[in-house]
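Reviewing the structure listed below.
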Amino acid sequence: MQLFWFQRWKNFDFQNLSKKIESYGFDGILFPYASYDEDFFISIAKNINVNSKIKYMVAIRPYTISPQYLFKIIKSINNLSDGRVLINFVSGWIYDDEKILGGVHGDINDLSSNIDRSNYLVDYIKTLNKMNSNIVDFYVSVTNDVVFQETKNNKVIVPYSWYKQKKFNLYESKSMISICPVIRKTKEEIDILKDYPVAQDTEFFTEKEFLNFLYDLESKHINGLLIFENAENLENENILRLIKQHKKIIKGKQ
């Protein structure tokens, strides 16, 4: 099972983050998309360590870049990185400050409805699948059944809340679950956090429950887990420590 860290926060050093995440047993880092953010393709090309194995996944709203040009970017970077750059396609949650920019000038942009953006995403994936898929390795974020049914033959990222409710049949899909875990040693410590403000797809675990959750995903042949924090550095050490512990146990059984 692939383990990816979702770096939602902007305050980080690229190389230090890469070394830390890899040292704790993660396979990769996902960088988000926002209109005002830097271009993470440039950061990757500038900072990637050719002696490392950590992968980098970059979130993209498909209507902001053509399949042909994305193909060229990934092919160029992977000549340096030996296939370590992946894409996460998202139809996009558009923030108010981004609407000022309006997105690209075309039929579909940041001002389009969620339905229109989802339909564009589906068409985009179909186009990319017709190209050489060995060049562009990607996951599709799905939050509705239409996108899931149209893209389930590709790799998909499913929110934990949808996974928990069994919204999709993931048996034959290559799926990654995105989750925001809050982990404490005991249930008593968890109970104290009942009024704790949480992000979407947050789940509370004791340490034992979290390790069992990881084992359960592996037994169900889930392709990967995408982990993010509720607040910057608040859950960081708990999550990383238990992931490292899980990796050691798995390695010991092999």
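What follows is calculated from the coordinates using simple rules that are stated; it is not laboratory data. This structure is a prediction, so every number in the text was calculated from the model and none was measured. Backbone-built Cβ (ideal geometry, glycine too); neighbour counts: all protein chains shown.
Fewest to most neighbouring Cβ within 10 Å: what's the order for Phe41, Phe12, Phe26?
Phe12, Phe41, Phe26
Would you mind checking the radius of gyration and Dmax of the range 2-253 based on alpha-carbon positions, in Å?
18.2, 54
Using Cα-Cα distances under 8 Å and only pairs 6 or more residues apart, what relative contact order does the range 99-241 have, in percent?
18 percent
Fewest Cβ neighbours within 10 Å first, please rank Glu218, Glu22 accordingly.
So the residues, fewest neighbours to most, are Glu218, Glu22.
Straight-line reach only, C-alpha to C-alpha below 12 angstrom: list the aspartates and glutamates that Lys167 could link to, leaving out same-chain residues fewer than 8 apart.
Leaving aside aspartates and glutamates fewer than 8 places away in the same chain, those within reach of Lys167 are Asp145.
Which of Lys46/Lys126; Lys152/Lys244; Lys20/Lys248 have a Cα-Cα distance over 26 Å?
Lys46/Lys126; Lys152/Lys244
Mind ranking 58-65, 184-191 by how tightly packed they are, going by the mean number of other C-beta atoms within 10 angstrom, highest first?
58-65, 184-191
Would you calculate the separation in nanometres between label points at Asn79 and Ile192, each defined as 7 Å from the Cα along the Cα-to-beta-carbon direction?
5.6 nm
When DSSP beta bridges are limited to those with both residues in the range 1-98, what percentage is antiparallel, rounded to the nearest 5?
In the range 1-98, DSSP labels about 0 percent of beta bridges as antiparallel.
What ranking of Leu17, Leu226 emerges when the number of other C-beta atoms within 10 Å of each C-beta is taken as an exposure proxy, fewest first?
The most exposed by this proxy come first: Leu17, Leu226.
Suppose each label sits 7 Å from its Cα in the direction of the beta carbon; what would the Lys164-Thr206 distance come out to in nanometres?
It is 1.8 nm.
For the range 2-253, what relative contact order do you get, as a whole percent, if you take Cα pairs closer than 8 Å and at least 6 residues apart?
Value for the range 2-253: 18 percent.
What is the distance, in nm, between label points placed 7 Å from the Cα along the Cα-to-Cβ direction at Glu237 and at Asp37?
2.7 nm
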